[in-house]
Amino acid sequence: QVRLVESGGGLVQPGGSLRLSCAASGFTFSSAAMYWHRQAPGQEREYVALITSTGCTNYADSVKGRFTISRDNAKNTVYLQMNNLNPEETAVYYCKTVRLGATYWGQGTQVTVSS
């Protein structure tokens, strides 16, 4: 079955950086588009970034120029490099994929941006 496991979250100071990872299994990773979303306390889950199976990327306007999504098909892993983080980006970060019309989410990883 499809499984997505995020890691790499933690506490970081404003202006700092983190790299999140999402390890995937149960499907042909190399042929799948992968997404990162985030959900701040009391807010709806929002889109952050996408990488297609061919490596094309797209970002939410709020993170362009600061976040980078990438993938390693040999490791079945998608990454999100986050730079210059601000406190408003404190959230649970989730990876997602869509296979045969079904949406799969990981359990999320907490990112806290605070001094």
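Of note:
- Tally, over region 37-79, of residues that are of a type in the set (A, V, I, L, M, F, W, C) and within 13 Å of residue 108 (Cα to Cα): 1
- Residue 66 more than 19 Å from residue 2 (Cβ to Cβ) and charged (D, E, K, R): yes
- Identification of strands (runs of 3 or more DSSP E) wholly contained in region 51-115 with 1 or more residues that are of a type in the set (Asp, Glu) and either out of contact with any helix residue (DSSP H, G or I) (no Cβ under 6 Å at 6 or more places or on another chain) or surrounded by 13 or more Cβ atoms within 10 Å (Cβ to Cβ) (or both) yields 67-72.
- Residue in region 90-113 that is without any contact (Cβ under 8 Å) to a residue 12 or more places away in the chain and in contact with a Gly (Cβ under 9 Å, 6 or more places away or on another chain) present: no
- On inspection, residue 61 fails the criterion of being under 14 Å from residue 19 (Cβ atoms), of a type outside the set (Gly, Ala, Ser) and at pLDDT 95 or above.
- One residue stands out among those in region 3-47 that are among the aromatic types (Phe, Trp, Tyr) and assigned to a strand (DSSP E or B): the one that is surrounded by the fewest Cβ atoms within 10 Å (Cβ to Cβ), which is 47.
The values are calculated or read from the model by the stated rules, or taken from the named source; none is laboratory data. Everything numeric here is computed off the predicted structure, so don't read it as measured data. A quick note on method: Cβ atoms are made from the backbone with ideal geometry, for glycine too, and the neighbour counts reach across all protein chains shown.
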